[in-house]
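The values are calculated or read from the model by the stated rules, or taken from the named source; none is laboratory data. The model shown is predicted, which means the values in this text are computed figures rather than measured ones. Here the Cβ positions follow ideal geometry from the backbone for every residue, glycine too, while neighbour counts run over all protein chains shown. Keep in mind that these areas ignore ligands, DNA and RNA; they rest on the heavy atoms of the full protein, side chains included. Shrake-Rupley method; radii C 1.70, N 1.55, O 1.52, S 1.80 Å.
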Amino acid sequence: METAEVRQMDEYIQHGTTTTLTHCHNVAWLCFLVNEYLHLKAKEKELVEAAFLHDFYLYDWHDTGDGSHRLHGYRHADRACDNAVKVFSVNKEIQKIIKCHMWPLNISRLPLTRAALIVCLADKYCSTIETFFMR
């Protein structure tokens, strides 16, 4: 939360009126709660870090001027993963979770671990709430 790159996420709208920083915080918090209360036993450190960094792509995906954000839904997981590696040196497990959070849109990237599935589902839930009910 104290790095300039993470604070930068508060400059971009993710869904509705929710910033990318708030969205990632919501997803991380929901992942923690689901794992804890349902006793799913996912590795908490990897779960929360991946959830918080799953949309760490650092651009406004609504800006279509130069075409660089075209197909954002398909490509942003890789950008988020690259940024997480560059800024925080995240491990391979966190990288895998970040890269598959857009399943089923990215159909070949299945969330095969407990943590990956929790992040994927929490992201869908939070995105839906933010898009339709948080305007």
- Message: For Rg and Dmax of the Cα atoms in Å, pick the label among (i) 18.5, 67; (ii) 15.1, 49; (iii) 13.9, 46 that corresponds to the value derived from the coordinates.
- Response: (iii)
- Item | Fully extended contour minus Cα-Cα distance, from D78 to D63, at 0.36 nm per residue | 3.6 nm
- Given springs between every Cα pair under 10 Å in a Gaussian network model of the chain, which of H76, H25, H39 has the largest fluctuation? H39
- Task: Step through the residues of segment 100-106 one at a time and calculate ³J(HN,Hα) from phi using the Karplus curve (6.51 cos²θ - 1.76 cosθ + 1.60, θ = phi - 60°), rounding each to whole Hz and writing x for Gly and Pro.
- Result: 9, 5, 8, 5, x, 4, 8
- Message: Could you sort V85, V6 by their accessible area in this structure, using a 1.4 Å probe and putting the largest first?
- Response: V85, V6
- If you line up the long axis of helix 20-37 against the longest principal axis of the chain, both from Cα atoms, how many degrees apart are they, to the nearest 10? 10 degrees
- Message: Kirkwood Rh and Cα-based Rg: tell me the resulting Rg over Rh for segment 74-113, rounded to two decimals.
- Response: 0.97
- Task: Net charge near T113: determine it from the other residues with C-beta under 10 Å of the C-beta of T113, scoring Lys and Arg +1 and Asp and Glu -1.
- Result: +1
- Tilt of helix 114-133 relative to the longest C-alpha principal axis of the chain, in degrees (0 to 90, nearest 10)? 50 degrees
- Report, to the nearest 10°, how far helix 72-88 tilts away from the longest principal axis of the Cα atoms in the chain, using its own Cα long axis and a range of 0 to 90°. 70 degrees
